[in-house]
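Colleague: Just passing along the structure, written as structure tokens.
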Amino acid sequence: MSDGPKRGRGQFDGWSKSSLKSLLEGCSWQWALTRLAGMAGGSTPHSAAGTGMHAAIEWHEQRRIDGEPLPEFWELLWEASSEAYRDGENIPADFAAIHGGADVAAQWACGLTTTWYDSKVREQLLTYTPLAVEPHLETERTPGPNTLRGYLDWVGRDADGVLTVIDYKSASGLQRWNNPDHHLLEAAVYLYLVSTSDYWSGDEPIRMEWHVVSRKDDAKILEGQTFSPDIIGFVHDRLAEAQAVVDGNKFIPNPSWGLCSQRWCTFYHGCQTTGILGPDHIDFDLASRRAASLPAPDAGATGIP
Ligand code: SF4
């Protein structure tokens with residue numbers, strides 16, 4: 001699942017699963033640099049490889065929806081590598097020189113797609129019936145001023161006919177994907193969005209699964225939560241919490257976050273090494289109102305001199 005259309009600086013106007021997760025469970029400072037100040041963090045080789053894998057699976061599943069023959073394996077690799085390469089061109093040049101660029105992303109995307117193609121995960125998916133891939137859902141049934149929206153990877157029915165939402169994940173390893181409670185926020189947002197859509201009849205269960213693919217380990221399915229009225233209250237509470245951070249300009253760097261490293265955050269050098277992208281140099285209270293005081297969105301995003 002990804003965010004909606006990209007918006008410009010200071011034009012944040014809606015919540016998505018990734019924005020809630022990044023703000024509440026990741027680093028609110030990174031969130032503000034990207035979404036409020038509109039600075040382009042760019043891709044990383046891992047995220048671009050994931051984009052490529054998503055594109056290949058999406059194509060595979062769209063063929064099933066259209067009743068057409070499945071793509072050949074080499075066609076899926078072509079799709080994965082081209083999309084990863086395209087996204088990899090958004091990796092900032094200075095970051096790519098250290099951590100790998102579009103060519104590395106394309107290679108990893110082929111590895112992920114190969115693992116998925118040969119896995120039991122794909123075998124199981126073929127017993128399910130897809131209804132839509134990448135549907136964009138948006139609801140105004142939120143308590144605050146902003147809507148909740150997002151693209152879901154896959155919505156359909158499992159082998160027993162139960163309404164199911166699937167999120168594909170590319171991962172370095174599978175060890176983080178053992179306990180669905182560790183990913184409750186994203187499951188809740190997916191289930192909430194489906195419960196506001198036309199896919200749901202209103203009186204049937206909705207379940208979710210993560211299909212996790214690792215270049216190194218294999219692929220697995222992690223069964224997630226099912227929809228219940230508690231999910232609505234949980235999502236509303238998290239939306240209120242996130243809105244309070246934004247309204248109060250309470251953005252704080254989170255260097256203890258597991259993804260705060262040179263490898264995962266393209267702002268790392270500017271934020272943690274030179275400090276040019278840190279709180280001593282950027283006042284988000286000002287940034288949200290007077291964006292001209294910030295660097296241009298596409299220039300010097302990483303802060304690497
Ligand atoms: S370097 Fe760390 S603290 Fe700074 S924005 Fe990135 S994740 Fe947040």
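No lab work stands behind these numbers, since they all come straight from the coordinates. All values derive from a computational prediction rather than experimental measurement. Here the Cβ positions follow ideal geometry from the backbone for every residue, glycine too, while neighbour counts run over all protein chains shown.
Colleague: Can you give the Rg and Dmax of the chain based on its C-alpha atoms, in angstrom?
Modeller: In order Rg, Dmax, the Cα atoms of the chain give 19.5, 57 Å.
Colleague: While we're on this one: Run the numbers for Arg141 and Glu223: contour at 0.36 nm per residue of separation, minus the present Cα-Cα distance, in nm.
Modeller: Here the segment from Arg141 to Glu223 would lengthen by 26.9 nm.
Colleague: What relative contact order, as a whole-number percentage, does the chain give when Cα pairs under 8 Å and 6 or more residues apart are counted?
Modeller: Computed over the chain, the figure is 21 percent.
Colleague: List the trypsin sites (Lys or Arg not before Pro) in the stretch 184-292 that DSSP assigns to loop (not H, G, I, E or B) and whose Cβ has at most 16 other Cβ atoms within 10 Å. Which are they?
Modeller: Within the stretch 184-292, the qualifying trypsin sites (Lys or Arg not before Pro) (loop, at most 16 other Cβ atoms within 10 Å) are Lys216, Lys250, Arg263, Arg289, Arg290.
Colleague: Cα-based count: Lys pairs in the chain below 20 Å, eight or more positions apart or different chains?
Modeller: Going through the chain pair by pair, I get 11.
Colleague: Still on this structure: At 222 nm, what value in deg cm²/dmol follows for the chain if DSSP H runs of at least 4 each add -39500 (n - 2.57) and the sum is divided by all its residues, to the nearest 500?
Modeller: -11000 deg cm²/dmol
Colleague: Sticking with this one: What is the distance in Å between the Cα centres of the stretch 110-178 and the stretch 232-249?
Modeller: 25
Colleague: Shifting gears a bit: Under a point-charge model restricted to the Cβ atoms of Lys and Arg (+1) and Asp and Glu (-1), what is the dipole moment magnitude of the stretch 45-240 relative to its Cα centre, in debye to the nearest 20?
Modeller: For this selection, approximately 380 debye.
Colleague: Let me ask another. Hey, with R₀ at 51 Å, roughly what FRET efficiency would Glu72 and Ile232 work out to, going by the Cβ-Cβ distance, to 0.05?
Modeller: E between Glu72 and Ile232, to the nearest 0.05, is 0.70.
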